[in-house]
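First up is the structure itself, then whatever we jot down about it.
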Amino acid sequence: MSKVVFETEDEEEVKVDKDWKPRILAFLCNWCSYAGADLAGVSRIQYPATVRVVRVPCTGRINPFFILKALTDGWDGVVVSGCHPGDCHYISGNLVARRRFALLNELLEFFGIEPGRVNFMWASAAEGERFAVLIEKATERVKKLGPNKRFLKKW
Amino acid sequence: MTETEKEIIVTGNEKPRIGVFVCHCGVNIAGVIPIEDLVEYAKTLPDVVFATEYKFMCSDVGQTLIKEKIQEQNLNRVIVAACSPRMHEPTFRLVLKEAGLNQFLFEMANIREHSSWVHMKDPEGAYEIAKDHIRLAVNKARELVPLEVQTVEVDPSCLIIGGGIAGMNAALDLATEGYKVYLVEKTPTIGGHMAQLDKTFPTMDCSACILTPRMVDVARNENIELLTYSEVTDVTGYIGNFEVTILKKPHYVDQEKCTGCGVCIDHCPVSVGNEFDLGLATRKAIYIPFPQAVPGQYTIDMDSCIRCGICASPDVCEPEAIVYDDEPEEIKVKVGTIIVATGWDLYDPTELKQYGYGRYPNVITGLQMERLLSSFGPLLGKPVRPSDLKEPHSIAFLQCVGSRNFREGGNKYCSRVCCMYATKQARQYKEKHPDAEIYIFYMDIRAFGKGYEEFYESAGRNYGINYVRGRIAEVREGEDHKIIIRSEDTLLQQPIELEVDMFVLSCGLEPRADADKITSLLRIQRSGDGFFMEAHPKLRPVDTLTEGIFVAGVAQGPKDIPDAVAQAKGAASSAAALMAKGEVEVEPFFAVVSPERCIGCGMCVENCAYGAVELVEDRRFGTIASINQALCKGCGACAGNCRCSAINIKGFTAEQIFEMITGRF
Ligand SMILES: Cc1cc2nc3c(=O)[nH]c(=O)nc-3n(C[C@H](O)[C@H](O)[C@H](O)COP(=O)(O)OP(=O)(O)OC[C@H]3O[C@@H](n4cnc5c(N)ncnc54)[C@H](O)[C@@H]3O)c2cc1C
């Protein structure tokens, strides 16, 4: 993808506010990542209080519209997390999703949405620790980008 | 529902009347999040007509409270803000049902696993998340519609993968109850690792004496179809209706004709290392794994066979059972339930170079020691040193090899059987060689089972086995292939240097090397230690996360024989419970097509892994997608790709998800 698209935009300097907690919407598949997030809870693994969870049967369920809608609605970041490739509860739903999101990523970039606002990841039901770490990383990434204002009309 | 209660009819068109029930979960939630404030907050949300809290919503009192309020407040949507829906969604759905409300007009807000437990040090953050989770749930609840539960038939048959002690016991239990069992075993015989053991701790009963009769029972039982030397290659379908493909590998010996007379092995010119004896003895290219193997027919190992043709001559094989051009055979069966009992592999200590396994001949593993001690083993129960075939005078055992290791290679968990098997082997040797010197180097002895502490205690007292607390950093080879051990006795705080004739590594149990194949075949999960994961560590220890599939024995985690058998019986009884009823309720979360929107592009057909979608010609709407509900699993891969938003997934509709998304503030 050409970076030119971004450089011509009037990038406003955002200072990273340490105390600012981005609001992130996480789409988690029921069988792996939702269970992984539960395991993080049961194991009392602490991670930043930034994610609100939408449970879906499978990452394959996630229509790109959902992600675009979340961004235009002002969520600072989106996380999509499912089973590891090859481990899908529904045989290949996560592979369908992976193909779809690879395309979506390019579209998002084309729309001028900063890479890092939308984070795709895998975490199994046994990976509570990994889930927490990935959320931490996603939070950091979104924090660096600052509030999601690209869809806000400036008055 | 009692007589005084009325049924609440919801069509989906009436104004939502949402009730929010916030659970303290003792201090689990209330200790971090101010519950009162949450309740007050919930009351401010549109369409919420009632909100309250209680210490334990899942308790009898809590459930009654919800029921009463549904009736009293005429609630037509219910939200419980508490633990994960994976924990108590079924509980609360039942409450709705009992209160006369359709059970799918329910939504859970997870404020424990996804909030109070993971943001304990950030109570304000936890409170914000809890508020948002309640709001998202309320938003979704508005869009909920009543759904009808679906039932599917459960075929009264079970596939058991793995014919070790766990798989065999599960098979026998189910067969006795009258269910059809397909027992698939990868090797040419059932029995598993227990067949390799000599005696079993703590009672010291002979392993073969308790195992072999069971093996025969399995083979003889008419409800059990024994498929040895076979592997499961494909599983489709779902609870109650799994379609299984099994590949029977070619034996190159007609199993019907072979009488097991064994004349062929006397003539076969090829000798190779015997897997059963872990390379301590040889077998021929035509073989049975061990004399008591079940079934007792022979197999040719084509990787070693030189096709000299000797065994095929009628002078050697009278029944003319040899078939060099034998072909693999594929069979398909339909089963209602599946039990996974694939057991374990022994940890391979070669990577721990400091212990010299594979380099020094007199360093062996615990399982090899088991074969050496076995009265039907290669040495008929008289262990000798591999280097010179002399009886060892001194033996040292090292515990926790590849287990409880947080630094170098190996596994973090405790393998649970090694303390006891080393003690067993040491006692066995001492029984026959009272003068022998035996040392067991340990970190701490774990003797937790019934009779185990007594067994261990008597090993020291009555048998004079020396237990030394201390790790061994490294061993060297001395003169005459003796092993020189340097360690520290951490109890006496003294360095030790010791020369022994033989060094036994008490290796732990590991997940099967090919466990990945099973996970992807069955779509079950593995836990952090690599063993198959149970649905709940306490309450559902034999269920997997895939309905209708159970796990038993060491496949689920290290355990001894009594525990493996207990778990097998548990798995069998869980499977039987499903099959006895003959049908099971499944969530009615299927795909539905809006024909007026569908343009018939066919993307959904391509994405469906179950072949549940096809394009049909409709008189009014032209080419449209059509869903076969019997095949649809509700994954949503079709809906996720539908550019016209023409496919929806009940229970996870686009409207419901959009409502959650717009619930940012
Ligand atoms: C040295 C040693 C000594 C021990 N001594 C004792 C003792 O004295 N007392 C005691 O209680 N416990 C003892 N144990 C533990 C005991 O061995 C286990 O508890 C027992 O083997 C568990 O049985 P299982 O059926 O779960 O697994 P296994 O015995 O491993 O059986 C699994 C079976 O599944 C088959 N299989 C694997 N994968 C597949 C597949 N993909 N498809 C089809 N089939 C497959 C295997 O071939 C095997 O037959 C000892 C362990 C060791 C290492």
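What to note about this one:
- Close pairs from the range B:367-389: first over 17 Å from B:Ser207 (Cβ atoms) and at pLDDT 90 or above, partner outside any loop (DSSP other than H, G, I, E, B) and more than 16 Å from the ligand (Cβ to nearest atom), Cβ under 9 Å, at least 6 apart: B:Lys382/B:Lys432; B:Arg385/B:His481; B:Pro386/B:His481; B:Ser387/B:Tyr360; B:Ser387/B:Asp480; B:Ser387/B:His481; B:Asp388/B:Asp480; B:Asp388/B:His481
- Among the residues making up the range B:145-170, those that are out of contact with any strand residue (DSSP E or B) (no Cβ under 6 Å at 6 or more places or on another chain) and either within 16 Å of the ligand (Cβ to nearest atom) or within 14 Å of chain A (Cβ to nearest Cβ) (or both) are B:Gly162, B:Gly164, B:Ile165, B:Ala166, B:Met168, B:Asn169.
- Residue satisfying condition, being under 34 Å from the mean Cα position of the chain (by Cα), farther than 30 Å from A:Pro48 by Cα and not basic (Lys, Arg), within set B:Asp60, B:Asp47: B:Asp60
- All positions within the range A:141-155 that are modelled with pLDDT of 90 or more and within 13 Å of another protein chain (Cβ to nearest Cβ): A:Pro147, A:Asn148
- Filter pass, B:Thr623 being loosely packed, with under 15 Cβ neighbours inside 10 Å, at pLDDT 95 or above and either of a type in the set (A, V, I, L, M) or touching an Asp or Glu at 6+ places or on another chain (Cβ under 8 Å) (or both): yes
- Scanning the range B:606-640 for residues being within 17 Å of A:Gly82 (Cα to Cα), of a type in the set (A, V, I, L, M, F, W, C) and free of Cβ contacts under 8 Å to residues at least 40 places away in the same chain gives a total of 3.
- Matching strands (runs of 3 or more DSSP E) fully within the range B:555-665 where at least 2 residues are within 14 Å of chain A (Cβ to nearest Cβ): B:591-593, B:647-649
- Sole exception among (1) facing chain B (nearest Cβ under 7 Å); (2) in contact with a strand residue (DSSP E or B) (Cβ under 6 Å, 6 or more places away or on another chain) for A:Leu28, by number: (1)
- Filtered by the rule that a residue be within 16 Å of the ligand (Cβ to nearest atom), free of Cβ contacts under 8 Å to residues at least 24 places away in the same chain and assigned to a strand (DSSP E or B), the range B:482-537 gives a lone residue, B:Arg526.
- When B:Ala170, B:Ala126, B:Ala166, B:Ala195 are screened for being at pLDDT 95 or above and farther than 29 Å from B:Ser375 by Cα, only B:Ala126 passes.
- Scan of the range B:550-578 for residues that are buried (at least 24 other Cβ atoms within 10 Å of the Cβ) and in contact with a Leu (Cβ under 8 Å, 6 or more places away or on another chain), ordered by number: B:Val554, B:Ala572, B:Ala575
- Restricting attention to the range B:436-495, the residues that are among the charged types (D, E, K, R) and closer than 29 Å to B:Asp563 by Cα total 9.
To keep it simple, each residue is scored yes or no on (1) closer than 18 Å to B:Gly636 by Cβ; (2) in contact (Cβ under 8 Å) with a residue 40 or more places away in the chain; (3) at the interface with chain B (Cβ under 7 Å from one of its Cβ atoms); (4) not acidic (Asp, Glu).
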position: A:Ser92; (1), (2), (3), (4): yes, no, yes, yes
position: A:Arg98; (1), (2), (3), (4): yes, no, no, yes
position: A:Arg117; (1), (2), (3), (4): no, yes, no, yes
position: A:Thr139; (1), (2), (3), (4): no, yes, no, yes
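- Across the range A:65-80, the qualifying residues are those that are under 24 Å from A:Tyr90 (Cβ atoms) and within 8 Å of chain B (Cβ to nearest Cβ), and the one among them that is surrounded by the fewest Cβ atoms within 10 Å (Cβ to Cβ) is A:Phe65.
- Residue within the range A:113-132 that is over 30 Å from B:His119 (Cβ atoms), more than 12 Å from the chain's Cα centre (by Cα) and surrounded by fewer than 18 Cβ atoms within 10 Å (Cβ to Cβ) present: no
- Residues of the range B:402-431 satisfying the condition of being within 11 Å of the ligand (Cβ to nearest atom) and surrounded by fewer than 19 Cβ atoms within 10 Å (Cβ to Cβ): none
- Residue check, B:Leu505 away from chain A (no Cβ under 14 Å), surrounded by fewer than 17 Cβ atoms within 10 Å (Cβ to Cβ) and either out of contact with any Asp or Glu (no Cβ under 9 Å at 6 or more places or on another chain) or within 30 Å of A:Cys88 (Cβ to Cβ) (or both): no
- Residue match in the range B:55-62 (condition: crowded, with 17+ Cβ neighbours inside 10 Å, in the same structural domain as B:Ile134 (by TED's automatic domain parsing) and of a type in the set (Phe, Trp, Tyr)): no
- For B:Asn221, the conditions (1) closer than 26 Å to B:Thr519 by Cβ; (2) surrounded by fewer than 19 Cβ atoms within 10 Å (Cβ to Cβ); (3) not β-branched (Val, Ile, Thr) are fulfilled apart from (1).
- Looking across the range B:112-131, just one residue is more than 7 Å from chain A (Cβ to nearest Cβ) and of a type in the set (A, V, I, L, M), and that is B:Ala130.
- Residue within the range B:206-218 that is closer than 22 Å to B:Glu329 by Cβ and either in contact with a helix residue (DSSP H, G or I) (Cβ under 9 Å, 6 or more places away or on another chain) or within 10 Å of the ligand (Cβ to nearest atom) (or both) present: yes
So that you can scan it fast, the table gives a plain yes or no per residue for (1) free of Cβ contacts under 8 Å to residues at least 40 places away in the same chain; (2) under 32 Å from the mean Cα position of the chain (by Cα):
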{"residue": "B:Asp234", "(1), (2)": "no, yes"}
{"residue": "B:Ile239", "(1), (2)": "no, yes"}
{"residue": "B:Asp254", "(1), (2)": "no, no"}
{"residue": "B:Ile288", "(1), (2)": "no, yes"}
{"residue": "B:Tyr298", "(1), (2)": "no, yes"}
{"residue": "B:Asp303", "(1), (2)": "yes, yes"}
{"residue": "B:Val316", "(1), (2)": "no, no"}
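- Strands (runs of 3 or more DSSP E) within the range B:123-204 that include 3 or more residues crowded, with 24+ Cβ neighbours inside 10 Å: B:157-161, B:180-184
- Any pair with Cβ under 9 angstrom, 6 or more apart, that starts in the range B:215-230 at a residue that is under 8 Å from B:Leu183 (Cα atoms) and modelled with pLDDT of 95 or more and ends at one that is part of a strand (DSSP E or B) and aromatic (Phe, Trp, Tyr): B:Ile224/B:Tyr182; B:Glu225/B:Tyr182; B:Leu226/B:Tyr182; B:Leu227/B:Tyr182
- B:Lys353 vs. criteria surrounded by fewer than 16 Cβ atoms within 10 Å (Cβ to Cβ), away from the ligand (no atom under 16 Å from the Cβ) and in contact (Cβ under 8 Å) with a residue 12 or more places away in the chain: no
The values are calculated or read from the model by the stated rules, or taken from the named source; none is laboratory data. Keep in mind the model is a prediction, meaning the values are calculated, not measured. Every residue, glycine as well, gets a Cβ built from its backbone with ideal geometry; the counts of neighbours run over all protein chains shown.
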